[in-house]
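The values are calculated or read from the model by the stated rules, or taken from the named source; none is laboratory data. Just so it is clear, the model here is predicted, and its values are computed rather than measured. Cβ placement follows ideal geometry from the backbone for every residue including glycine, while neighbour counts extend to all protein chains displayed.
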Amino acid sequence: MTGSAEKARVADGGLCSALLARCAGLPPAPTAIAHPCDEVSILAAVEAAAAGLITPILVGPEHKIRAAAEAAKVDISPFRLAPAPHSHAAAALAVGLVRSGEACLLMKGSLHTDELMHEVLVPDTGLRTGRLISHVYLMDVPTYPRPLLITDGAVNIMPSLEEKRDIVQNAIDLAHVLGIARPKVAILSAIETVNPRIPSTLDAAGLCKMADRNQIVGGLLDGPLAIDIAISPEAAAEKGIVSQVAGYADILVAPDLVAGNILAKQLTFLAGAHAAGVVLGACAPIILTSRADSERTRISSCAMAVLVAAAQMAKLPQALVGG
């Protein structure tokens, strides 16, 4: 099946179609896939390659990769195999391929996320930059009128105020890649007032002041805001909250990983949202696939990572959405 036909098959409207449309014309991104040794991870690589998004480099034990491909009934003969004896070595080699410039994306296979991220974070041989590494979900929620970014629900467990500054900036930078010129950022808590007994309200106030002092740039921040106030103009009006962000958030910043993870999965499994995700702040975008991900989610996540990489190389096509 050709790349364009595959794109049409998986893009059945909404977020996936919009992301794939923006990737049209971009060359496939060389992608180091760490330890793709089960059916789901090898399928993710083949699907993204068929959609014209990536050129996979399959990194790991060759016999396990070939066995996974046979079980999944997919042809991996067009792809480069980079042998590594086990998952730890595969993670290190995949990161090394990105560092050397042979790959411009990093993708998780069938190893644990911690195992891959450990190699990403190694000081001398990893992919660290001066920015904290964080995860952002892009959600297409049927009941919400615009794309919704949620951070951080996958990497940073209990981020400090300083770490939240980078988490917010990473999300704003992604919003810019998606064409949202001045994203509205809601710093979430349980209430809208600062209460010293609720640390997330103090962090929210600090982040807003950081934005006032240009320590965070490119977005419009407000917080603390409860989730209903962040996304519902009616709830904001009922509570008398006057804000350019309240009711119209583009980005939701969770107080910690647990809250962000629950929020994103709740929207996916209870509200029928379509999600994509990417890890930012490293030398290259990182795709963290999951066994529970749908094909649309895997394709959308790859497409979003391709757009981030293209933006980093100043080859970004026209915007996905209005700002």
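Structural remarks
- The residues of the range 182-213 that are of a type in the set (Gly, Ala, Ser) and either surrounded by 21 or more Cβ atoms within 10 Å (Cβ to Cβ) or touching a residue at least 40 places away in the same chain (Cβ under 8 Å) (or both), listed by number, are ALA186, SER189, SER200, ALA204, GLY206, ALA211.
- Qualifying positions in the range 111-141 - within 18 Å of the chain's Cα centre (by Cα), surrounded by fewer than 23 Cβ atoms within 10 Å (Cβ to Cβ) and of a type in the set (Ser, Thr, Tyr): THR113, THR129
Listed here are the residues, each with its yes/no results for (1) free of Cβ contacts under 8 Å to residues at least 40 places away in the same chain; (2) more than 16 Å from the chain's Cα centre (by Cα); (3) surrounded by fewer than 23 Cβ atoms within 10 Å (Cβ to Cβ).
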| position | (1), (2), (3) |
| --- | --- |
| GLN215 | no, yes, yes |
| LEU220 | yes, yes, yes |
| GLY272 | no, yes, yes |
| LEU288 | no, no, yes |
| ARG296 | no, no, yes |
| VAL306 | no, no, no |
| GLN312 | yes, no, yes |
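- From the list ALA49, ALA45, the lone residue that is farther than 22 Å from MET117 by Cα, assigned by TED's automatic domain parsing to the domain that holds GLY101 and touching a strand residue (DSSP E or B) at 6+ places or on another chain (Cβ under 7 Å) is ALA49.
- Residues satisfying the stated conditions in the range 98-110, i.e. more than 18 Å from LEU280 (Cβ to Cβ), of a type outside the set (S, T, N, Q) and surrounded by fewer than 24 Cβ atoms within 10 Å (Cβ to Cβ): GLY101, GLU102
- Residue list for the range 152-181, filter: exposed (fewer than 15 other Cβ atoms within 10 Å of the Cβ), in a loop (DSSP other than H, G, I, E, B) and modelled with pLDDT of 95 or more: ILE157, MET158, SER160
- Meets criteria (in a loop (DSSP other than H, G, I, E, B) and touching a helix residue (DSSP H, G or I) at 6+ places or on another chain (Cβ under 6 Å)) for GLY247: yes
- Residue tally, condition among the hydrophobic types (A, V, I, L, M, F, W, C), surrounded by fewer than 22 Cβ atoms within 10 Å (Cβ to Cβ), under 23 Å from the mean Cα position of the chain (by Cα) and at pLDDT 95 or above, over the range 232-269: 5
- For the range 38-56, the tally of residues that are crowded, with 24+ Cβ neighbours inside 10 Å and either modelled with pLDDT of 95 or more or not in a loop (DSSP other than H, G, I, E, B) (or both) stands at 8.
- Selection status of VAL258, in a loop (DSSP other than H, G, I, E, B) and among the aliphatic types (A, V, I, L, M): no
- Single match in LEU149, LEU132 (criterion: of a type in the set (A, V, I, L, M, F, W, C), touching a residue at least 40 places away in the same chain (Cβ under 8 Å), in a loop (DSSP other than H, G, I, E, B) and out of contact with any His (no Cβ under 8 Å at 6 or more places or on another chain)): LEU132
- Matching residues, the range 57-66, being touching a residue at least 12 places away in the same chain (Cβ under 8 Å) and either surrounded by fewer than 17 Cβ atoms within 10 Å (Cβ to Cβ) or touching a strand residue (DSSP E or B) at 6+ places or on another chain (Cβ under 9 Å) (or both): ILE57, LEU58, VAL59, GLY60, PRO61, GLU62, ILE65
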